[in-house]
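Here is the structure we will look at, set down as structure tokens.
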Amino acid sequence: MNTLQDLEKEYNFTYPELYKQLYTDKMLDWGAEGNGWYTNVFPMLKENPPLLLFGNDIEIWDPIAYRHGIREIIKHEVYDINPKYRMVPFAKNGAGDLYVFQFDMEVSGEVPITFFGHDSDAEILAKNLQDFIFRQLLESLTEMDEYSMFEGDSEEEIKINLQNQLNTHRKYLTPKQVEILEDIYKRDMFEYTYKTSNGGEFEAKGMLTFDELEKIVNKEIAFEKLNQRFDYFE
């Protein structure tokens, strides 16, 4: 099983065309994992960043290398997922949660992207992969602190990294999405206080506040199921 077509045939689904293009363009290749990835591989990737290298706590899978993980979700080998849901993972975060294509919710060729919490519920993040990429690029600008891939970089280096990433991602976004990102990248980093829904507060540093993020997301990538949560066990 060495191609996307093999995966599609084996598990009876069809990847979105944009994902196939990203695969062909080698944008899903983050290099070999291992203890030396951050010190040896990551510095080289910065010049021509693959998909969401500086995204918001996300690691893009090589679908061929991670085919067993894909099978586990499709075949319900790990989680007791309700059969009505057809999910195909393509990325994960540091906590082991997954980002999946939600094929059972596909409408007119648009396959929503869902955040699959391994010990919680699921949340629909975007109506398609393009909007998800845009949202991830925005979210990475809200907390550019010690926990992000910008750790240790000066503000000048961060702006270079962002521009390099936009250069490799530009063709996969709409002109309007690119314009919005370019305008935000002109800002200097700043500190701000964010109020949570339960009344708490915390400090953050970035180029975009959470309130601004919410407004952009609701305006630019809104659709009827945006941010809807559901229990995938039901």
query: When the residues of region 55-89 are filtered to those that are of a type in the set (A, V, I, L, M) and assigned to a loop (DSSP other than H, G, I, E, B), which remaining residue is surrounded by the most Cβ atoms within 10 Å (Cβ to Cβ)?
result: ILE58
- prompt: LEU162: buried (at least 16 other Cβ atoms within 10 Å of the Cβ) and outside any loop (DSSP other than H, G, I, E, B), yes or no?
  reply: yes
message: Under 8 Å between Cβ atoms, which residue pairs at least 6 apart in sequence (or on different chains) link something in region 36-54 that is within 24 Å of LEU129 (Cβ to Cβ) and part of a loop (DSSP other than H, G, I, E, B) with a partner that is of a type in the set (Gly, Ala, Ser) and modelled with pLDDT under 90?
response: PHE54/SER148
query: Looking at this structure, is LEU129 closer than 21 Å to LYS219 by Cβ, buried (at least 22 other Cβ atoms within 10 Å of the Cβ) and touching a His at 6+ places or on another chain (Cβ under 8 Å)?
result: no
task: Find all pairs meeting these conditions: Cβ atoms under 9 angstrom apart; at least six residues apart or on different chains; first residue within region 208-234 and under 20 Å from THR174 (Cβ atoms); second residue in a helix (DSSP H, G or I) and of a type in the set (S, T, N, Q).
output: GLU220/GLN177; ILE221/GLN130; ILE221/GLN177; LEU226/ASN218
task: Output the number of residues of region 176-234 satisfying the condition of being hydroxyl-bearing (Ser, Thr, Tyr) and not in a strand (DSSP E or B).
output: 5
query: Can you tell me which residue in region 138-159 is surrounded by the fewest Cβ atoms within 10 Å (Cβ to Cβ), limited to those that are in a loop (DSSP other than H, G, I, E, B) and without any contact (Cβ under 8 Å) to a residue 12 or more places away in the chain?
result: GLY152
field: Failed item, numbered, when GLN228 is tested on (1) over 24 Å from ASP121 (Cβ atoms); (2) surrounded by 12 or more Cβ atoms within 10 Å (Cβ to Cβ)
entry: (1)
Among the candidates ARG135, ARG229, residue that is in contact with an Asp or Glu (Cβ under 6 Å, 6 or more places away or on another chain) and under 26 Å from TYR15 (Cβ atoms): ARG229
task: Any chance you could count how many residues in region 27-44 are more than 21 Å from LEU98 (Cα to Cα) and modelled with pLDDT of 95 or more?
output: 0
Selection within region 184-205 - touching an Asp or Glu at 6+ places or on another chain (Cβ under 9 Å) and either within 26 Å of PHE116 (Cα to Cα) or free of Cβ contacts under 8 Å to residues at least 40 places away in the same chain (or both): ASP188, GLU191, TYR192, THR193, TYR194, LYS195, GLU203, ALA204
- prompt: When you look at TYR172, is it at pLDDT 90 or above, touching a strand residue (DSSP E or B) at 6+ places or on another chain (Cβ under 8 Å) and among the aromatic types (Phe, Trp, Tyr), yes or no?
  reply: no
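The values are calculated or read from the model by the stated rules, or taken from the named source; none is laboratory data. From a predicted model like this one, the values you see are computed outputs, not experimental measurements. With ideal geometry, Cβ positions are generated from the backbone for all residues, glycine too; neighbour counts draw on all protein chains shown.
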